[in-house]
Amino acid sequence: MTGTGKTVTRVDLCEAVYQKVGLSRTESSAFVELVLKEITDCLEKGETVKLSSFGSFMVRKKGERIGRNPKTGTEVPISPRRVMVFKPSAILKQRINGDSAAVGNGKDHDD
């Protein structure tokens, strides 16, 4: 997929598992849901989820700060919150940029 703008959905992931792993569609769907739930639960607890050769999902805390309404210029307080951040691995970055020489070396240099 090179720049087609297609969005991959849960259904697409379930279908891929069904096609490539050989589980039933029901089992494939349950498997995908279980993996996503585990990732979500870990992030909710503030844990970092690192998937080798893919990347890391992290939760960061942002403190309260003053923002500005771009239309009116009025200052508005922005409340503290947690945000989720994804940091791709070096291998994923190389793959999306078509650097096939670096793909498959099995090392994630993004530690």
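Points worth noting:
- Complete set of residues in segment 75-94 that are closer than 11 Å to residue 55 by Cβ and assigned to a helix (DSSP H, G or I): 90, 91, 92, 93
- Some residue of segment 38-50 being closer than 26 Å to residue 98 by Cα and either surrounded by 12 or more Cβ atoms within 10 Å (Cβ to Cβ) or modelled with pLDDT under 95 (or both): yes
- Among residues of segment 46-64 that are without any contact (Cβ under 8 Å) to a residue 12 or more places away in the chain, those with a beta-carbon under 6 Å from a residue that is surrounded by 12 or more Cβ atoms within 10 Å (Cβ to Cβ) at least six positions away or on a different chain give the pairs 48/56; 48/58; 49/39; 49/42; 49/57; 50/56.
- Of the strands (runs of 3 or more DSSP E) lying entirely inside segment 1-74, those containing at least 1 residues that are closer than 23 Å to residue 88 by Cα and assigned by TED's automatic domain parsing to the domain that holds residue 91 are 49-51, 55-62.
The values are calculated or read from the model by the stated rules, or taken from the named source; none is laboratory data. Everything numeric in this text was worked out from a predicted model, so none of it was measured. Neighbour counts run over all protein chains shown; Cβ positions are idealised from the backbone, glycine included.
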